[in-house]
Amino acid sequence: MLAILGGTGPEGKGLALRLAMAGETPIIGSRDAARGTAAAEELAQSAPGLVIGGMDNSSAAAAADVVFLAFPYEGQRPVLEDLGAALKGKIVVCVIAPMKFERGKGASAVEVEAGSAAQEAQDILPDSQVVAAFQNASAEELLDPNVTMEGDVVVCSDHAEAKKLVMGLADKIKDLRGVDGGSLANAKYVEQITPLLVNINRIYKIHAGIKIMGI
Ligand SMILES: NC(=O)c1ccc[n+]([C@@H]2O[C@H](COP(=O)([O-])OP(=O)(O)OC[C@H]3O[C@@H](n4cnc5c(N)ncnc54)[C@H](OP(=O)(O)O)[C@@H]3O)[C@@H](O)[C@H]2O)c1
């Protein structure tokens, strides 16, 4: 069972939609159970036959064995410290790309002392298997079931089996491909591509993605 904490936002909703279209039955988590349920109902109507649940973050984390983090970086430490016990022994997929926006300068990466949001998540959750993935997937594209997702999902983790499972989830989303990005220490490079993509999107009025050539 998959849960997406912060799944009421565009990135989490988009991931829930694509994973449901791929045959999974994701649960959308929210700080407010009613918001989680409303987002799940809205998504389930966007394509026939989708099974998507909605709950509060805590119930969603307890119900799932693979838990996506799809809320802003500012929320990471408080949410993970609160839900640490429920996440013990589980795969935690960090989608977070710490970013800031400044007028006239566009998007830029926020420095994280641990190296990356994903490494910080692993430090907070030593008994979970943290996997960094999907940080470069555009929410706008994920959310439109008629758009073909092009590109690669670079997957980084220090837990080989967990990494393999998450690469498999990326592969299940039509036309996306999971690429082994090595250890969790590499997550910082992947996270920092996201503000670059945001700036490219503004210049070209597109939703850019990444593709690793030669594999
Ligand atoms: N948007 C993109 O295209 C994109 C692309 C790649 C990666 N990402 C990453 O994906 C994550 C989610 O992006 P998003 O654009 O969907 O974000 P968002 O809309 O700002 O937030 C998603 C959800 O997180 C919850 N939330 C907000 N602030 C929170 C806090 N301080 N603590 C706990 N929960 C909080 C809210 O849900 P409730 O109020 O219902 O709890 C909100 O609906 C971000 O970390 C971002 O870096 C985004």
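The values are calculated or read from the model by the stated rules, or taken from the named source; none is laboratory data. Small disclaimer: the values here were computed from a predicted structure and weren't measured. Reconstructed Cβ throughout: ideal geometry from the backbone, glycine too, with neighbour counts over all protein chains shown. The area values use the complete protein model at the heavy-atom level, side chains included, leaving out ligands, DNA and RNA. Shrake-Rupley method; radii C 1.70, N 1.55, O 1.52, S 1.80 Å.
Along segment 129-136 the Karplus relation, 6.51 cos²θ - 1.76 cosθ + 1.60 evaluated at θ = phi - 60°, assigns HN-Hα couplings of 9, 8, 10, 9, 6, 6, 5, 9 Hz to successive residues, with x for each Gly and Pro. How much of the pair distance distribution for the chain lies past 24 Å, counting alpha-carbon pairs only, in percent? Roughly 36 percent, rounded to a whole number.
With contacts defined as alpha carbon pairs under 8 Å and 6 or more residues apart, what's the relative contact order of the chain in percent?
Numbers: 491 pairs, mean separation 39.9, N = 215.
Relative contact order comes out at 19 percent.
Seen from VAL130, the other residues with C-beta closer than 12 Å to its C-beta sum to a net charge of -2, counting Lys and Arg as +1 and Asp and Glu as -1. Taking the chain as a Gaussian network, where each spring joins two C-alpha atoms under 10 Å apart, which residue of PHE134, PHE68, PHE101 fluctuates the most? In this elastic network of the chain, the residue with the biggest mean-square fluctuation among PHE134, PHE68, PHE101 is PHE101. Here segment 2-204 has 51 percent of its accessible surface on carbon and sulfur atoms, given a 1.4 Å probe and all protein chains in place.
Please tell me which of these pairs span more than 30 angstrom C-alpha to C-alpha: LYS105/LYS163; LYS174/LYS205; LYS105/LYS211; LYS163/LYS205? Working shown, then result.
Values: LYS105/LYS163 35 Å; LYS174/LYS205 24 Å; LYS105/LYS211 26 Å; LYS163/LYS205 33 Å.
Among LYS105/LYS163; LYS174/LYS205; LYS105/LYS211; LYS163/LYS205, the Cα-Cα distance tops 30 Å for LYS105/LYS163; LYS163/LYS205.
Share of antiparallel DSSP beta bridges in the chain, in percent to the nearest 5? Please list the in-between numbers first.
Details: 6 of 30 bridges.
Given both bridge residues lie in the chain, the antiparallel proportion sits at roughly 20 percent.
Model label points for LYS174 and ILE212, set 7 angstrom from Cα along the Cα-to-Cβ axis, are 2.5 nm apart. Antiparallel beta bridges, as assigned by DSSP with both residues in segment 3-128, represent about 20 percent of the total such bridges. Per-residue packing, averaged as other Cβ atoms within 10 Å, sorts the ranges 122-129, 158-165 into the order 122-129, 158-165, beginning with the highest. Amide H contacts of PHE68 (H built 1.01 Å from N, in plane; Pro and chain starts excluded): ALA3, ILE4, LEU5, VAL93 sit under 5 Å, all sequence-distant by 5 or more or on other chains.
What accessible area per residue, rounded to a whole number of Å², is obtained for segment 2-204 using a probe radius of 1.4 Å?
Working: 8970 Å² over 203 residues.
The answer is 44 Å² per residue.
Along segment 194-209 the Karplus relation, 6.51 cos²θ - 1.76 cosθ + 1.60 evaluated at θ = phi - 60°, assigns HN-Hα couplings of 4, x, 4, 4, 4, 5, 5, 4, 5, 5, 9, 6, 9, 10, 6, x Hz to successive residues, with x for each Gly and Pro. A simple packing score, the average count of other Cβ atoms within 10 Å per residue, orders the peptides 137-144, 43-50 as 137-144, 43-50, with the highest score first. Under 10 Å from the Cβ of VAL153, count the other residues' Cβ atoms, weight Lys and Arg +1, Asp and Glu -1, and hand me the total. Value of the local net charge: -1. Near LEU143: Cβ cut-off under 10 Å, other residues only, Lys/Arg at +1 and Asp/Glu at -1. The net charge is -2.
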